[in-house]
Amino acid sequence: MNRRLTYLTLLGSLFFAVFPFYFSFVVASHDNSALAQVKLLPGPNFLENVRRVFATVPFDLALANSALVASVNTCSVVLFSTLAGFAFAKLRFRGRTPLLLSVIATMMVPTQLGIIPLFILITRFEWHDTLAAVIVPALVNAFGVFFMTQYLSEALPTELLEAGRMDGCANHRLFWHVVLPAARPAMAVLGMLTFLGTWNDYLWPLVVLASPENQTVQVGLSQLRAGYVQDYSLALTGTVLATLPLIVVFGALSKQLIGGIMQGAVKG
Amino acid sequence: MRTWLYKVDTRVSPYLYIAPFFVLFGVFGLFPLGYTAYVSLFDWSLLRDEHSYVGFQNYAELFKDPYFWNALGNTVSILILSTVPQLVLALVLAHLVNRPFIRGAAAWRLGLLLPNLTSVVAVVVIFSQLFGRDFGLINAGLEALGLGRIAWQEGTASSHVAISVMIIWRWTGYNALIFLAAMQAVPKELYESATLDGATSGQQLRSITIPAIRPTIIFVVIVSTIYGLQIFAEPQLFGGGGPNGITGGSDRQFQTLTLYLYEHGFNKGFDFGYASATAWVMFGVIVLFAIGNFVLSKRIRGVK
């Protein structure tokens, strides 16, 4: 495939990726009653719709709650997953294979199916309607552990670890000086994915966070759809507001975050 | 002293590193799952305080219910329609962005991730508009091309396609990014010498990239299958979120297994026992699919 065709294919894909965003802004900038006809250009009503969103739900608190939950969980998932991935990929210890298989088996456990007993458990801990109920169960997950295990087993040269051991490095020093630098590209990806996943999580926060001041962005969003008449303008203004911070943050950090994948000193 | 410490370090530290995961999983993953199994053996309704033991009766009823088999069929259909194109597209996109002459790689990567920045709620709201029968953009386009309008939600196949498009749109870039991360570990010299030997982009994808990132591909296939079998929010919100969403359309044409579970657990008398039995059967289906994937990938390796 030559250069021109490659760029054309990528540009076409980019169009499909971007168009729904553009379209949701178009809907968000019109009065709901104007949407009976297909609109392709933005209208004049965006700010009015934003005002309606903040009047309907406490969206500022929801944004702050989501930012807190997503930051804490991202840091802890990346740290714990890298630690466990290092152990599974490069350390020899009794029970390694069965334990790793149990991690993989864990990924098959449909999390949403355990939601009723989990709810009972959280109530016992008296965490109901607190952010701890959302944060603590998600501090680490099987996906992250398996992802880092796979990545480190491919990308971290065993000779590098052995050289470190010859110099008398204990495992925690190897982790700090050898594993972390090599794992940086995958950590950046895992961090981004975790942040997004947490920010966009919907079902569990909806179930466990009851009072309006404790809600996350997605729960707030769902309430914008709760009216008798389907108010697409209001709902999509909410989605624009909930997505905008992510786009700004990742736009600003993309050089460091995604660029980390580029430089990654991980040649085999 | 030093060697003693060293021994403790090599023996004990691996367990310390994996401990956070296993402790948290034990409390918040394993316990709920076990408890679900226990509940599934009871006639357990939220509306009553007494729960009577019924053995495997919930399971027997489940296997007799044609709606259950309908939901299983729909789930598998949506799984295949969404996962196969998504993974092929992701692999091709990752490979294209990874081409050595591509400029602005960071920008393309951000572009890949863009659809994943939206929540499932947002995606379904947007696409429900796009796939609308009367005012939807896609039908307007079809009409402009001289083709007829499609009632996307009413048909079995068309509703599966619409739901699959939502899943594909949201997850293709995400998977491409995971493939890309793995491709960074493939030595660039391999591509350079292949290009010198006259290998085309497609040949390089097939004979260098895919074999080199096989573990990651298997990982993505398994994870996508597991998530695909649990699809819930897309069909539920596509059906409008109300009763029509829970049954997956008026004829249950897009009711998935999780929707079926939700219908019995939270809609029909809060029948937690029956819903828990459904949960365990779903778990079994997921395990079967994962084992199938694993065996298949082993076999493919054997052929090579």
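When the Cα positions of A:Met166, A:Gln37, A:Phe147 are compared along the charge dipole of the range A:3-263, A:Met166 comes out farthest toward the positive end, with charges on each C-beta of Lys, Arg, Asp and Glu. Taking 0.36 nm per residue of sequence separation and removing the Cα-Cα distance, the B:Phe31/B:Arg48 pair yields an extension gain of 3.8 nm. Membrane-span-like helices in chain B (whole DSSP H runs, Cα extent of at least 24 Å along the helix axis, mean Kyte-Doolittle hydropathy of at least 0.0): B:2-25, B:66-97, B:156-183, B:272-303. For chain A, adding -39500 (n - 2.57) for each run of n ≥ 4 DSSP H residues and dividing by the number of residues yields -23000 deg cm²/dmol at 222 nm. Between the residues A:Tyr202, A:Leu100, A:Gln218, the greatest Cα displacement towards the positive end of the dipole of the range A:3-263, with unit charges on the Cβ of Lys, Arg, Asp and Glu, is found for A:Leu100. Residues in the range A:8-15 carry Karplus couplings, in order, of 4, 4, 5, 5, x, 4, 4, 4 Hz; the curve used is 6.51 cos²θ - 1.76 cosθ + 1.60 with θ = phi - 60°, and Gly or Pro positions show x.
Summarising the label geometry, the points placed 7 Å from Cα in the beta-carbon direction at B:Arg206 and B:Leu296 lie 2.0 nm from one another. Rounded to the nearest 20 debye, the dipole magnitude of the range B:63-303 is 600 debye, with +1 charges on Lys and Arg beta carbons, -1 on Asp and Glu beta carbons, and the Cα centre as origin.
Sorting the Cα pairs of the range B:63-303 by distance into bins of 10 Å, from 0 upward, gives 7, 27, 29, 22, 12, 3, 0 percent per bin. Debye sum, Cα scatterers, the protein assembly as shown, no solvent: what log₁₀ I/I(0) at q = 0.07, 0.10 1/Å? Taken in order of the listed q values, log10 I(q)/I(0) reads -0.44, -0.91.
Here the dipole of the range A:3-263 is about 700 debye; that uses its Cα centre as origin and unit charges on the Cβ of Lys and Arg (positive) and Asp and Glu (negative). A simple spin-label model places pseudo-atoms 7 Å from Cα toward Cβ; at B:Ala151 and B:Val8 they are separated by 7.4 nm.
Work out the length of the dipole vector of the protein assembly as shown about its Cα centre, built from +1 on the beta-carbon of each Lys and Arg and -1 on the beta-carbon of each Asp and Glu, and round it to the nearest 20 debye.
Working: 36 positive and 28 negative charges, 434 e Å.
So the dipole magnitude of the protein assembly as shown works out to roughly 2080 debye.
Dipole of the range A:1-87 computed with +1 at Lys/Arg Cβ and -1 at Asp/Glu Cβ about the Cα centre; of A:Val57, A:Phe25, A:Val72, farthest Cα towards the positive end is A:Phe25.
Where a number appears in this text, it was derived from the coordinates with a stated rule and is not lab data. What you are looking at is a predicted structure, and each value in this text was computed from that prediction instead of being measured. All Cβ positions, glycine included, derive from the backbone under ideal geometry; neighbour counts span all protein chains shown.
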